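Participant: Have a look at this one.
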Amino acid sequence: MEDNAEVLGQIYLLHEQYTRGHGMVCEKGCSACCTCNVTLTSMEYAFMVNGMGEQEKKRLEERALKGGAGKRFRPGYTINNMAALCLAGQEPPEEENDPAWGICPLLREYMCTIYETRPLACRMLLSQVQCRQLGYAQMPPLVLTLNNLFMQVVEHLDARGVSGNLTDMILWHSQRENEGSGYSPPLAAHLINNSRAPVFMVPPEHREQLGPLMGQLSRIMADQQKR
């Protein structure tokens, strides 16, 4: 757990460093992008709850339960699944994802209740204009490539884990703890297995600029694999 926390901390810091300076206007209290469609890996969930007491975890579960019956994005493919499809010359499927389905259950008075340990998907929600103006985030192509790259690396590091919607992940872990480690609750059907990155999805026009970062991330992946 400590190893995972350390490596995720490094990755989050790198993401912040490389996305800084792209004219982003996101600020405290800006929560238009904070929807119920956030996804994460099981390693990110562990990082998110690391250090939480039982009462904090209980409140987390209660918030998730409130939105548990609502419609939300449940991915059928991970970013590395899609990379494998692209490598095979197949078109990645389109999946329905509507922000109108509702807000993130962990949002309170326009503020994130887990901000310091929020998953990568939340950290990636950067925009050059206020999202409430357009109804969506607007970011340069390089930042989109950066986000995909970091998503691939995080999933790769958690290749033995699963990914899914934030609400489903919280409820799944809660049920497992309540029923015992050998129990596989029905919610597991909404979580999908992670995969290693078959290739980095970096277009030719960004490879030179992102070369140093790709080297750093490759070393992190290699070091983690040795542990």
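Participant: So which residues in the stretch 137-170 are assigned to a helix (DSSP H, G or I) and open to solvent by 20 Å² or more (accessible area, probe 1.4 Å), if there are any at all?
Facilitator: Filtering the stretch 137-170 for residues assigned to a helix (DSSP H, G or I) gives 141-157, 166-170.
Selection gives Pro141, Leu142, Leu144, Asn148, Met151, His156, Leu157.
Participant: May I pose another question? Give just the number: which of (1) without any contact (Cβ under 8 Å) to a residue 12 or more places away in the chain; (2) of a type in the set (A, V, I, L, M); (3) closer than 24 Å to Gly161 by Cβ does Ile79 not satisfy?
Facilitator: (1)
Participant: So which residues in the stretch 69-127 are under 18 Å from Thr39 (Cβ atoms) and among the aromatic types (Phe, Trp, Tyr), if there are any at all?
Facilitator: Result: Phe73, Tyr77, Trp101, Tyr115.
Participant: Something else about it: What's the total number of residues in the stretch 109-136 that are among the aliphatic types (A, V, I, L, M), assigned to a loop (DSSP other than H, G, I, E, B) and either within 20 Å of Glu6 (Cβ to Cβ) or without any contact (Cβ under 8 Å) to a residue 12 or more places away in the chain (or both)? Step through it out loud before you land on a result.
Facilitator: Filtering the stretch 109-136 down to residues among the aliphatic types (A, V, I, L, M) leaves 111, 114, 120-121, 124-126, 129, 134.
From what's left, assigned to a loop (DSSP other than H, G, I, E, B): 114, 124-126, 129.
Retained after the next criterion (residues that are either within 20 Å of Glu6 (Cβ to Cβ) or without any contact (Cβ under 8 Å) to a residue 12 or more places away in the chain (or both)): 114.
Looking only at that region, the number is 1.
Participant: Right, here's the next one. State all residues of the stretch 52-72 that are in contact (Cβ under 8 Å) with a residue 40 or more places away in the chain, part of a loop (DSSP other than H, G, I, E, B) and either over 19 Å from Trp101 (Cα atoms) or open to solvent by less than 30 Å² (accessible area, probe 1.4 Å) (or both); if no residue qualifies, say none.
Facilitator: Hits for the stretch 52-72 are Gly68, Arg72.
Results for (1) closer than 19 Å to Ile170 by Cβ; (2) modelled with pLDDT of 95 or more, shown as yes or no for each residue.
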site: Glu54; (1), (2): yes, no
site: Asn80; (1), (2): no, yes
site: Gly89; (1), (2): no, no
site: Leu106; (1), (2): yes, no
site: Thr113; (1), (2): yes, no
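Participant: What is the residue count in the stretch 183-227 for residues that are in contact with a Gly (Cβ under 7 Å, 6 or more places away or on another chain) and at pLDDT below 90?
Facilitator: Of the stretch 183-227, the ones in contact with a Gly (Cβ under 7 Å, 6 or more places away or on another chain) are 190-192, 194.
From what is left, the residues that are at pLDDT below 90 are 190.
Going through the stretch 183-227 one residue at a time, the tally reaches 1.
Participant: Scan the stretch 206-227 residue by residue and report those that are open to solvent by 100 Å² or more (accessible area, probe 1.4 Å), touching a residue at least 12 places away in the same chain (Cβ under 8 Å) and either within 24 Å of Ala88 (Cα to Cα) or part of a helix (DSSP H, G or I) (or both). Outline the logic, then answer.
Facilitator: Of the stretch 206-227, the ones open to solvent by 100 Å² or more (accessible area, probe 1.4 Å) are 207-209, 219, 225-227.
Next cut, touching a residue at least 12 places away in the same chain (Cβ under 8 Å) only: 209, 227.
Listed by number, the list holds a single entry, Gln209.
Participant: Among the residues in the stretch 76-96, are any under 19 Å from the mean Cα position of the chain (by Cα), in a loop (DSSP other than H, G, I, E, B) and crowded, with 17+ Cβ neighbours inside 10 Å?
Facilitator: yes
The values are calculated or read from the model by the stated rules, or taken from the named source; none is laboratory data. Everything numeric in this text was worked out from a predicted model, so none of it was measured. Using ideal geometry, Cβ is built from the backbone for each residue, glycine included, and neighbour counts are taken over all protein chains shown. We work out accessible area using only protein heavy atoms, side chains counted, and drop any ligands, DNA or RNA first. Shrake-Rupley method; radii C 1.70, N 1.55, O 1.52, S 1.80 Å.
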